[in-house]
Structures are given as C-alpha cells and as structure tokens.
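Everything below concerns the one structure shown next.
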There are 2 protein chains.
Amino acid sequence: MKLRSLWGSGVWAALTVVGGSLLSSAVQADEGMWPFDHLPKAALKKKYDFDATDAWVAHLRKSSVRLANGCSGSFVSGSGLTLTNHHCAQDCLSRLSTPQQDLMKSGFYAKAASDERVCPGLTVQQLGDITDVTARVQQATKGLSGEAFHQAFRAEGARIEKECATSEQLTCEVVSLYHGGLYQLYQFRRYSDVRLVFAPELDIAAFGGDPDNFNFPRYDLDMTFLRAYEDGKPAVTADHLRWASTPLQPNDLTFVSGNPGSTERLRTIAQLEYLRDHALPDALIELAQYRGFLSEYAERGPEAKRFASAELFGVENAFKATRGEREALLEPAFFRRLVQAEQQLKARIGSKPEWKSKYGGAWAAIAEAQAKAAAMEDELKWIEGGFRPAWAKTSLFSWARTLVRGGAERQKKNEERLEEFADARLPQVQQRLLAQRPLNQQFEIAKLTFGLTALREHLGTDHPFVKKVLGKASPAELASALIKGSSLDKPEERKRLWEGGQAAVLASKDRMIQLALAIDAEGRAVRARYENEVESVLTKNSELVAQARFAVYGMTSYPDATFSPRLSFGTVRGWREDGKWVPAFTTIGGAFERATGRPPYALPKSWLDHRGQLKLDTPFNFVTDNDIVGGNSGSPLVNRQGELAGLIFDGNIHSLGGSYGFDIARNRAVAVDARAILHALDVVYGAQRVSAELGAKQ
Amino acid sequence: MKLRSLWGSGVWAALTVVGGSLLSSAVQADEGMWPFDHLPKAALKKKYDFDATDAWVAHLRKSSVRLANGCSGSFVSGSGLTLTNHHCAQDCLSRLSTPQQDLMKSGFYAKAASDERVCPGLTVQQLGDITDVTARVQQATKGLSGEAFHQAFRAEGARIEKECATSEQLTCEVVSLYHGGLYQLYQFRRYSDVRLVFAPELDIAAFGGDPDNFNFPRYDLDMTFLRAYEDGKPAVTADHLRWASTPLQPNDLTFVSGNPGSTERLRTIAQLEYLRDHALPDALIELAQYRGFLSEYAERGPEAKRFASAELFGVENAFKATRGEREALLEPAFFRRLVQAEQQLKARIGSKPEWKSKYGGAWAAIAEAQAKAAAMEDELKWIEGGFRPAWAKTSLFSWARTLVRGGAERQKKNEERLEEFADARLPQVQQRLLAQRPLNQQFEIAKLTFGLTALREHLGTDHPFVKKVLGKASPAELASALIKGSSLDKPEERKRLWEGGQAAVLASKDRMIQLALAIDAEGRAVRARYENEVESVLTKNSELVAQARFAVYGMTSYPDATFSPRLSFGTVRGWREDGKWVPAFTTIGGAFERATGRPPYALPKSWLDHRGQLKLDTPFNFVTDNDIVGGNSGSPLVNRQGELAGLIFDGNIHSLGGSYGFDIARNRAVAVDARAILHALDVVYGAQRVSAELGAKQ
C-alpha cells in the first residue's frame, strides 16, 4: 500500500502534480472518497437500504484517526487503543530498535501497561469541527495574481489556521477541496504522545514481501496496536469502534473510514499527460536506481541490512505503486475516457458566453503553467529539494534546513512566513525535529554520496550550484565530511539550536548547518519563482475549472483525495482475472501452504510453533470494492453496525489506476479480517491484555 | 558513446524495435549514413567540390574495420596496427587483468612486438565484396506467411551465407537494408587473432567519466591500439590510413567511416510510440536499478570494484544514451515532423489504387503485430531471454545455453537451425564460447541473485516458469547453487562439451547446463511463437513499406543503420547552446584546468608527471556535424586526402536524438584529435614503437 509522506509535500506534490480540476460527469456505483459532511446518503439508502444517520456517521468519524506520517487508524477501546497497519508503525519500530534488538524482526508486545513505549515523533489526529472558509480565501485573493496572489493566499491561510489552533492540542488545516472549488477549515484534536502496544514480526506482517505487494490472494497480518496518551495516561476515547460481532460474508456492505492521500481524477489532460510522459517515468527511474543501491547496500552486514531494509520497504512500495499508476494512464481506452470527459466539459463551457468568458481560458493557463513548471523542475527539485533525490532521505540535512529556516522565519510575522513555519504548524514541526531517530553513520554517508552524485548528474558538473556545493571534492569526500562534521544526530543539539533561534544557528560550526546556510538563498529564490509564476497560476485557474464544473454539473460528486478524512462504501467481493474468479477471502491455512521457509515467504517461528493450535480455516485477508488509495493504510473497515470487521492495508494491482479513475469491475481494497487479528493475538502471541481490551468474543 | 552488443541481438532488437519502414521525404544537408556502394557523390561534388573517386572510396573502405563486439576501427599501418577506442577494448583489458594488475587502471604498452597480448575472443572484420541478393530472398518467401515465411526466410539466409563463407577467414552476412527493401550479402575478411598493443589509463581515456559522457567540451584520450595477426604474424594490411599531414581546422570537410549500430528513422509511428511509451522507459527503469546495484556492489572491496566498474561503464553509457533517445521522441515538434512524414507517404500511397492495394495495408499490419509483440514481451524477455535482465550478464548461463542449443542444432541441417547456429556463424560462436574470461564467483552470484529476483518480480511468484526455475529456493540460494555447481568458467570444460556435442551435454552434471536443459523447451516455444506470429509479419510488411517508399520517392536516401559499414560526411564546427557558441576544439591544457584530482576528474600520474613537457595548446578533442550513432565508436575520421585526422568516440547530448532523425544545428560527433594521440604517445608514454609505426611527423 502506498504511503505518502506528507510532510513538506507542498512543493513536491506541486512539482509532480500541479493544480487543476475536471469532473467526470457521472460517478460509478460505489465510487468515491466522500467528505464526512458531504455523503451521498440518498444513494446509500437506495442501493443498500442503509440509513447513514447523523449519529452513526459522527461516531465513525470520531472513532477514526489520522496518523501524521501519512496513514489512517481507529480507536478500538475507550482507553486510546489504536489500530493501524504494521507498515504504518515501521518508522516507530525502527526508531526503537537497536543493534541488539530489532523490533521489525522480533515484533513487540507490552505485557504490562508500563511496558508500552513512546513512538518518537508520532502523532494521532482526530477530526473535530469543519468550517467553510471559501469566501474568506477567495476574498483575500480577489483580483490578484502572481506574487501578490501567492502572498495573500498564504497569509490568509496562516491567519485562519492560527485563529483556530488555540492550544497545542489542536491542529488546524485549511483543506482545498475540488482543487480550490471549496476551502474548508479542519480542526483536529492532536495526540502527541503515542505509544507502541503490540506489533507482530515483519515476516507475517508483510508475508510475501515486495513480490506479493499489491497482489491478492494475500496472507498478511499487517497490523499494529498503538495507544494515544494524554498527560501521561491513556487517553479517554469515548468514541471507538466495537469489534465485529457477526462474521463478515461475501456481498456484505462495508465502509472504509480513512485519509486517502491524493488522487488526480479531476486534473486537466495537460497535467495528466505530463504525469504520464515525464513525472511518473522520471520518478520510476530514480526510485529504481535508489532501490538497486539500497538492496545491495543491505548486503554489507546485519546493521546495514537493518537500516537499509526499513527504507527499501517504502521505496519498493512507492516504485510498484507508481508503476501501476503509470500503466493505468498508458491504457489507451482509459485515457480516452478522461480526454472525452474534459472535452465534454469544455464544450459545455464554450456553449454559454458568460461561462466562456469566465472559465474558458483556465485550461490553457494551466497548460502554460505546467510547461513553465517542467522547465524549472530540475532546479526546484535539486536546489530547493536539497541536493538529493526525494527518496534518499538525509535526516541531518532536513534537520539543518528546519533549523536554518525555522530560525529565520520565526522572526517574521505569522502571515509572512514560509507556510510550513506558520504558527499553527510549529508544534508539529518542533515535535518532528526533536524526536529521537538513531542514525547509522556509514549508511548516512553512503546515501548522501548517492545523493550528491545524482545532483552532479542531473544539474551537470558545470552548474554554479553544483560547483558551490561540491567545490573540488568528490561526492564521497563531501558526504563523509558533512556527516562526520555534524552533531545534529543528537536531539539535545537540535533542541539547543531550535531554542537558540537564528543567533545560535548562525554561530554554529556544524558542517551541515553551514551547508544549509550557504545554499539557503538559492533554494528560496527558485522556490519563490515557482510559487509566484507557477503555483499561483495553477491555484487560481484550478479554482476556475472547479467553479466551471460546479456551474455545469452542480456539486454532485466527491473531491479528489487530499489526505483528509473520507468515507467510502462498497461490498465484500472478489473479481474476475484472466477469466478466473478470485474469491474474496483467504484463510490462515493458506499462509502455511504458500510458505517456502525463505523470506519473503518464511513464516515466523511463533506461527510455525502454534500451527497445531490455529484454526486454519479462519479468514485471514479479504477484498472489497471500496474505493481507496494510499493514505488509507490502517483504515478501519466497518459493517452496517459500524463495528470493526477489517483493517485496510493494501489494494490489488488494478487499484493503482485509482489515482485517475475507478473501475469497479477490478479495483479492490485488501484488508486483514478482524477474526484473524483476534485469533493471532490469542493463539500465536498470547496477547490477552490486548484482545481482552477489544472486548470481542471469539 | 553507446556500444551495442550485437551478438544474439536478433530477438532483442526485434523486441524493442520491431520491423517497419518509413522514409523521410527530404534528406538534410550532410545527413546520412551511406552504404559504400550508394554514396551521394553528386551532392558531395556540388556542396564540397569533392570527387569521391572509386579509388579513394575503396581505399577508405578497406582501411576501415568492424570489431565484432559492436565497434569500429581502422588499420593505421601496413602491419595490421588497428586504432579504436579505449572503451571498445575494455572487454579485452578486463579479461587480461588480474587482482595484481588492473590494466584498466594502469594502461598497457607492449614495448616489444613479443609483448603484444592476445585479446580473448576479439575479432576484426574488413568488408570485401557486396552482392545484391534481394531477388533470391524475396523469391524464397513469395506468397508465404507466418511460420512458413519465417522458415523460408531463415533457410534462404543460411544457404546464401554458407555458400559465401568458403573459409574460416570469411564471415558472411545477409544485411537487410531499408528494413527489407534491399537485401545484400556482405563478405568480410575475418581476423580472429587480435592483440593488444597500447592502451592509456582509464582516468585519461574516460576523463570526466559518466558526468561528462555525451557532453562537450571534452578531454578524453579514448584510444587503444590493437594489431591484427595472421598465422601468428602481424597481418599485412596494404590498405591503411596515413596519419594526417595537415592540421585539421574549423570548417574542414570530414568523413567518418564506420559501423553505426542501429537507427529507427524509417520506423512507423506505431513503432516509435511503442518505443517512446514502453520500450525505452522500461529499459531505463531496469538499467537504473541495475546501475544502483552495481555502483554499490563496487564498494564491497577492490576486486568487487574492478569487476563491477567494467560493467557499470556500459550500463551508465546505455542509460544515458537511452534517456537521450527517449527525450528526443518526447519533443512534440520533433515527433510531429515524424508523424507528418508518415501521413504524407500514406496519402501518396492512397492516391493510386494500384499502390493502395499493394502497400496500403502494411501500416495496420505492423501496428497489429506490434501490439502482439507487446503482449508477449514479458515472456519472451524473461523466458527466452534467460531469466535475468538483458543487462545483468551471466556468462555461465550464456555459455550453458550455447552448449545446450549448439549441441542440438548442429545435428540439424544448416537451413533448419536457429539462425545463430547456421554454419556460416559457427566459427564466431565457437571463438566466443571458448575465449577465456575470468569470472569472480561472488560477483556472479550477486548478479544472478539480482536477476532471479527480477524474474520473480516481472513474471510473478505464481508463474509456472518461475516456479520451475526457483522451486522453493530463494533467488540467493539458487544463484549460489548454480554458480558454485558449474565448471563452465573453465574454457577447457566448455571446449569438452562443445566438441562432445549433444551427448556430452546431456551427460553433464553441471548445474548450469542442467538448468539450461530444463528450460530449453519453454524458451524455444515462446521464441517460435514470436518469430512466427510477430517477426514474420513485421518482416513481410516492412518490406512492403520499403517498397512503397521506393515507389513514391525513388531510392534517393540512405537506409537505417544496421551495424554495417557506412560513410558519413560533414565539417568541423561547434554549435550554439543556450545562446552561446561552443567552439569546435579543446586543448590538452583544458584537461589540466578541469582536473580536480578526484575521479572522474583525476588525471593519471603519467600526465601530471609530464605536464612540463606537454604542449598544452595541442588540440585534444573536437566536434563535427557528421551523422553518427552508437557502433561508430572507434571510427576513423579522415580529411579530403583520406588521412586519419581524428578518432570518433562520442556524440554530444543532442546526437542521441540521431536514432530518429538528424538535426544539423545541434547534433555533433566528438573525436580525439590525431595530434593529441601522437603527442601523448611520444611525450607521456614514450611509446615510440607505436608512433614510429604510424609514420607521422609531429
């Protein structure tokens, strides 16, 4: 399942997918990722005879959470117990692991409440109020363009969010729906003390590994239990999901509540063509090279393997997801449908002079901005992006940049800052910056060497920025000097510099800080150029396309996914593949049949030891035709009664086209069955402290 | 410069680039890779006042050679002395290197004639007679289609080549020009004893490495001297190029004689779209991953670096070339021109009922075959291709397959064999099979693990072929068992099995032989399906398109490149890049200015030591607007007098679009200046035995 790291994604998302909006005129049955305040209740009643009462909806919404790392989850007890995917907690498991104890390998179980361990930097957010702020945003930017537009837009967002975020426990976000057709203020309750309760071994959490990823049949126990704390005690979570009391069956109605990361179903054709021909293949090429590097780096030894594997998991996942997305766009019939939808909308707009003069120019403006974006993409990516591919994470540099920019930005007025340093965002920035993350020096040097080599390759040996960064040093020399010359791996040093502000940063002799300072101006310049000349044009014209769509079709559909809470509905069912029916359920016994004893098809010892006690016909994984996408990882799947019946962790290979459109015949969401979770907790892991808390009967 | 390994390329070339033909109606000035028997003499006379007399042409042709490994070269003395690129001799340098002496690093100079060392497996071919066999080939296949067409086509080719190759010293090839518009029989004199005379250090041969590859200004001494032997003595080569006696100047007329590997300028749009959207990006993704693997594998230690670097050079070169080719096809204006040319030709064909009925259906037939090829591509690539990406060379498996198939095929009649085992090809097959190639076991295991992992990923864990190959083993386990269980690394064992034929092969307990036997039937089946259902359709209809082109435009143009000898002409000149003029020449002094002391910008010690004696203003590299492409590496560049004035080793970044069309404003060939070669031999290397033999005056 594709995870999207959403931090700092503003520029990056904009880079690959810029602005725009286009409505497919007819929504297929069960298609849609619906905002909780805009559910198709009539359709649900008609098709499923289901009443989505306000109470039912509110309970599900409040029981659902968003993980700030790009995942979803749900409260499953009144004491803050939170269910999500194993792959959503891998960052936590890695941070808590040591050379002596690898929690990814061994799994984790807090036998007593006091054994629960803080996940560094992890927060859980629960959606509270939603307020429409469209008028405010549009009023603030009225008549403006370019830099003025961008500054007004950013300033108004910062203002609105600050007014809302009245305590550290509240996170507020202005969410742009329909690419600017609608702006809403989402207020989240923020839990910043999240602890690890239970995780199985990676071998069963991701059984089948990369080869089986996005495939089905599957046999994965991709789950982890966390717990939200308040004031050092388990949070009181009155709204939480009960464990399903009736067994899930084929054709049952199912709901998925979660935070789909992003879809591009309303983009213009110019934007989709750019994705198909440039952005996606370029990403695939970069991911592939980094993947080759990481998989071989892992062979250096056990510690190398531990660090590289954690990153490899995300890289392989992103690679496979991106490949699937591109393949969908390359399917001629599929793309033709998208083209026809745009032509239809444009024809309708062209038929009415009033519409035409108001909205008619938006598509061309977007295409032009798109071309401009393409021309500045390399510099934006490599200079403002921090001289390495987005995938090759270099925490030391990210921290250095946060410290350098945070120091400078916090001296400005809230409305004038770079958006990521607006007041409402600072608690999250600070938590992330100060959270402990063990680094492996050798791995950091190898990654940075890879990154600097790529920088030189992409911008060219003779580019002034490359000369400034590298000087006469080789990438390996510079990487080594930077990593060894930095103390930012120590949280207390980061704390000192964050609290010391700009003065402390300017006085620092830290090599990474000095580099971040040296290239700050270049990065800001290319970013400003992008924001003023491209982003503002895209935002403005995407709003126009959204309004054009509302004018023609009314507001009958759902907005593209934006990692904000949504509800999708569907039914449990298999699909036809190459003429054969793929059944909806697998069983625990199937895992034993598929096992070869070699990773990624090696079952952990705990499972082999308890084979005799396991009910092998227990449903393990299953598929539904719910419309989901990356970001939905960890989403609860509930039945009519609103009870937790499954845990979303993946989609089938066809679901990857879901970024651009939904094909109910083949797109399937993949979930862990609630019965398998309970059975494994009790039989394999003896984790009765957890299973008892779920209050479920087996 | 892109090297194309042309052995066994039939299927692979067909895979990515299948059949077809389309003539651009007007040839630009100086565009073209002209067959020696079809030169545009009138145009040369008119534009340059140059008389390409028969004697001048014949002398240049006979002085030029083809290296069987995919390169070009020239005789530069009467005693078989052969000049080619360093990168064309790297395979030889690697094979002759040991852990104690790395010839890539140190270079090589045979101080005495007796020090010259045999390059294992390397052959040099000199073009002799050309005979038109179009009528014979077309007669043999007349009225046939599918399997019958393919068999008749292959049988007639085997017959023609066998009749021609009357001794082991002759290599004969039926060359398809204009994609079947013309079939010619090329007879080559074959020198199978080729020895290493002189090579500089890699650090100066490829100064600037991958970052500067396909760029200019450049400072590379990318040259090697070999020598062709006959009966254990230096070959007598009456036809050879004299060293230029007059200094080359901007705007001088230049000729490049060599073997451009392949171009796709006459392909149909359906084929180019497939390349642009599928074949090229897929290749880039695979190359990128393998590149990431290799560059990190090199960090395992000095021996790992030695083996991995040799392969990395080719992989990075192919990656950069392929990326440039794809970028050319993605340029809207460029592609539009290609589309218009096809539309124009089709319109002309449609205007005459007789043409229409004869040729009109060819484009649709090619498009249909192309779609069929796409559908079977994965299985063809992974099953017949030998369960690993084409780039991840596994010599042990290649040898095993040659032994298994060679054993079986040699029992059949010449006309009924797989084409690569036809009688006329056997001397070359045998030489390649038996040539010594030192392998590093750890590297072979790592590469095969990479390959088997990729196989499982691409066909899927549940594909019957994957199950058959892997069983319950992991890729790493199987790779280790296969490599350690094979003795094919010993040339004498390969010799025993080759000479023992099928009986010896079937009796062998060698693990790699057993695997090659076990999967032989699957590979042959998918290959036959491809040849009968796709290749035969493409061959047949490409012939029709070629004939259509002749009918409309006459035979006024040059055929696509096919790694057969061609002549191009042009002039020495720079080009305008981003508004600035890039001068045509660099000097030796420029290398010292660009050097940082760190690879790939580290000059070798020999150069640093002799800096004082070097004339720093000696021209080093230069560019011309000759129309060249990969395969031209090592080509002699001659002046009006037919004297050697330069040595082609690269093209600029724009030249990569040359696969699909020629843009004289920007496409440039890059060469080493003959003066730099001579100066370095004398001053840096004290290699007077070589420079004296060139008979040149400094």
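B:Asp578 passes every criterion in (1) surrounded by fewer than 24 Cβ atoms within 10 Å (Cβ to Cβ); (2) in contact with a Ser or Thr (Cβ under 7 Å, 6 or more places away or on another chain); (3) closer than 29 Å to B:Pro217 by Cα apart from (2).
Being surrounded by fewer than 24 Cβ atoms within 10 Å (Cβ to Cβ) and touching a helix residue (DSSP H, G or I) at 6+ places or on another chain (Cβ under 9 Å) narrows it down to one residue among A:Thr98, A:Thr123; which is it?
Numbers: A:Thr98 fails: touching a helix residue (DSSP H, G or I) at 6+ places or on another chain (Cβ under 9 Å).
On inspection, the qualifying residue turns out to be A:Thr123.
Return yes when B:Glu416 is open to solvent by less than 10 Å² (accessible area, probe 1.4 Å) and more than 14 Å from chain A (Cβ to nearest Cβ) and no when it is not. Judged against the criteria, B:Glu416 is not a match.
Can you confirm whether A:Arg190 is under 25 Å from the mean Cα position of the chain (by Cα) and either in a loop (DSSP other than H, G, I, E, B) or closer than 18 Å to A:Gly634 by Cβ (or both)? The answer is yes for A:Arg190.
Can you find even one residue in the stretch B:132-146 that is open to solvent by 40 Å² or more (accessible area, probe 1.4 Å), in a strand (DSSP E or B) and either more than 14 Å from chain A (Cβ to nearest Cβ) or free of Cβ contacts under 8 Å to residues at least 40 places away in the same chain (or both)? Yes, because at least one residue in the stretch B:132-146 is open to solvent by 40 Å² or more (accessible area, probe 1.4 Å), in a strand (DSSP E or B) and either more than 14 Å from chain A (Cβ to nearest Cβ) or free of Cβ contacts under 8 Å to residues at least 40 places away in the same chain (or both).
All conditions but one from (1) in contact (Cβ under 8 Å) with a residue 60 or more places away in the chain; (2) more than 14 Å from every other protein chain (Cβ to nearest Cβ); (3) touching a Ser or Thr at 6+ places or on another chain (Cβ under 8 Å); (4) open to solvent by less than 10 Å² (accessible area, probe 1.4 Å) apply to B:Tyr183; the one that does not is (1). Filter the stretch A:212-243 down to residues that are among the acidic types (Asp, Glu) and farther than 21 Å from A:Gly121 by Cβ and give me whichever is surrounded by the fewest Cβ atoms within 10 Å (Cβ to Cβ). Checking each candidate, the answer is A:Asp239. Of the numbered criteria (1) surrounded by 18 or more Cβ atoms within 10 Å (Cβ to Cβ); (2) modelled with pLDDT of 95 or more; (3) out of contact with any Asp or Glu (no Cβ under 6 Å at 6 or more places or on another chain), the one B:Phe421 fails is (3).
Going through A:Gly471, A:Gly485 one at a time, which residue ends up being within 14 Å of chain B (Cβ to nearest Cβ) and open to solvent by 10 Å² or more (accessible area, probe 1.4 Å)? Steps first, please.
Values: A:Gly485 fails: within 14 Å of chain B (Cβ to nearest Cβ).
So the residue among A:Gly471, A:Gly485 that is within 14 Å of chain B (Cβ to nearest Cβ) and open to solvent by 10 Å² or more (accessible area, probe 1.4 Å) is A:Gly471.
Between B:Arg218, B:Arg227, B:Arg242, the distinction of being in contact with a Gly (Cβ under 9 Å, 6 or more places away or on another chain) and within 14 Å of another protein chain (Cβ to nearest Cβ) belongs to B:Arg218 only.
In the set B:Leu616, B:Leu637, B:Leu603, only one residue is touching a residue at least 40 places away in the same chain (Cβ under 8 Å) and over 21 Å from B:Trp34 (Cβ atoms); that residue is B:Leu603. Evaluating B:Gln411 against the criteria (1) surrounded by fewer than 19 Cβ atoms within 10 Å (Cβ to Cβ); (2) within 14 Å of another protein chain (Cβ to nearest Cβ); (3) of a type outside the set (Gly, Ala, Ser); (4) within 23 Å of B:Ala518 (Cα to Cα) leaves one unmet condition, (2).
Of all the numbered requirements in (1) open to solvent by 20 Å² or more (accessible area, probe 1.4 Å); (2) within 30 Å of B:Ala308 (Cβ to Cβ), B:Gly128 misses one, and that requirement is (2). State all residues of the stretch B:307-325 that are closer than 20 Å to A:Ser295 by Cα, modelled with pLDDT of 95 or more and among the charged types (D, E, K, R); if no residue qualifies, say none. The one that is closer than 20 Å to A:Ser295 by Cα, modelled with pLDDT of 95 or more and among the charged types (D, E, K, R): B:Glu316. Report yes if B:Arg598 is surrounded by fewer than 22 Cβ atoms within 10 Å (Cβ to Cβ), without any contact (Cβ under 8 Å) to a residue 24 or more places away in the chain and touching a Leu at 6+ places or on another chain (Cβ under 9 Å), otherwise no. Spelling it out, it is not the case that B:Arg598 is surrounded by fewer than 22 Cβ atoms within 10 Å (Cβ to Cβ), without any contact (Cβ under 8 Å) to a residue 24 or more places away in the chain and touching a Leu at 6+ places or on another chain (Cβ under 9 Å).
Hey, any hits in the stretch A:244-263 for a residue that's within 26 Å of the chain's Cα centre (by Cα), buried (at least 23 other Cβ atoms within 10 Å of the Cβ) and within 22 Å of A:Phe108 (Cα to Cα)? The answer is no, given that none of the residues of the stretch A:244-263 is within 26 Å of the chain's Cα centre (by Cα), buried (at least 23 other Cβ atoms within 10 Å of the Cβ) and within 22 Å of A:Phe108 (Cα to Cα).
Of the residues that make up the stretch B:666-677, is at least one without any contact (Cβ under 8 Å) to a residue 40 or more places away in the chain and open to solvent by 10 Å² or more (accessible area, probe 1.4 Å)? If you could, list the steps in order and put the result at the bottom.
At the first step, the residues of the stretch B:666-677 found to be without any contact (Cβ under 8 Å) to a residue 40 or more places away in the chain are none.
No: zero hits.
Quick check on the stretch A:605-627: of everything there that is of a type in the set (Ser, Thr, Tyr) and outside any loop (DSSP other than H, G, I, E, B), which residue is least open to solvent (accessible area, probe 1.4 Å)?
Going residue by residue through the stretch A:605-627, those that are of a type in the set (Ser, Thr, Tyr) are A:606, A:618, A:624.
Next, from what is left, pick out any that are outside any loop (DSSP other than H, G, I, E, B): A:606, A:624.
On the way: A:Ser606: 22, A:Thr624: 1 Å².
Among those that are of a type in the set (Ser, Thr, Tyr) and outside any loop (DSSP other than H, G, I, E, B), it is A:Thr624.
Checked against the criterion of being open to solvent by 10 Å² or more (accessible area, probe 1.4 Å) and touching a Lys or Arg at 6+ places or on another chain (Cβ under 8 Å), the candidates B:Gly651, B:Gly661, B:Gly686, B:Gly630 yield just one match: B:Gly661. Helices (runs of 4 or more DSSP H) fully within the stretch A:271-353 that include at least 3 residues being open to solvent by less than 60 Å² (accessible area, probe 1.4 Å), hydrophobic (A, V, I, L, M, F, W, C) and more than 14 Å from every other protein chain (Cβ to nearest Cβ): A:332-350.
The set of residues in the stretch A:492-523 that are open to solvent by 30 Å² or more (accessible area, probe 1.4 Å), touching a residue at least 24 places away in the same chain (Cβ under 8 Å) and closer than 24 Å to A:Thr449 by Cα comprises A:Arg511, A:Leu517, A:Ala518, A:Glu522.
Taken over the stretch B:304-331, the residue count meeting the criterion of being aliphatic (A, V, I, L, M) and in contact with a His (Cβ under 8 Å, 6 or more places away or on another chain) is 1.
Can you tell which of A:Gln169, A:Gln187, A:Gln101 is modelled with pLDDT of 95 or more and either within 28 Å of A:Met33 (Cβ to Cβ) or of a type in the set (Lys, Arg) (or both)?
On the way: A:Gln169 fails: modelled with pLDDT of 95 or more; A:Gln101 fails: either within 28 Å of A:Met33 (Cβ to Cβ) or of a type in the set (Lys, Arg) (or both).
Every option except A:Gln187 fails the conditions.
Residues that are part of a helix (DSSP H, G or I) and either within 15 Å of B:Phe622 (Cβ to Cβ) or hydrophobic (A, V, I, L, M, F, W, C) (or both) within the stretch B:659-688 comprise B:Ala674, B:Arg675, B:Ala676, B:Ile677, B:Leu678, B:His679, B:Ala680, B:Leu681, B:Val683, B:Val684, listed in sequence order.
Looking only at residues in the stretch B:443-457 that are facing another protein chain (nearest Cβ under 10 Å) and of a type outside the set (A, V, I, L, M), the one that is nearest to A:Arg323 (Cα to Cα) is B:Glu457.
The values are calculated or read from the model by the stated rules, or taken from the named source; none is laboratory data. All values derive from a computational prediction rather than experimental measurement. Virtual Cβ from ideal backbone geometry, glycine too; neighbours counted across all protein chains shown. Keep in mind that these areas ignore ligands, DNA and RNA; they rest on the heavy atoms of the full protein, side chains included. Shrake-Rupley method; radii C 1.70, N 1.55, O 1.52, S 1.80 Å.
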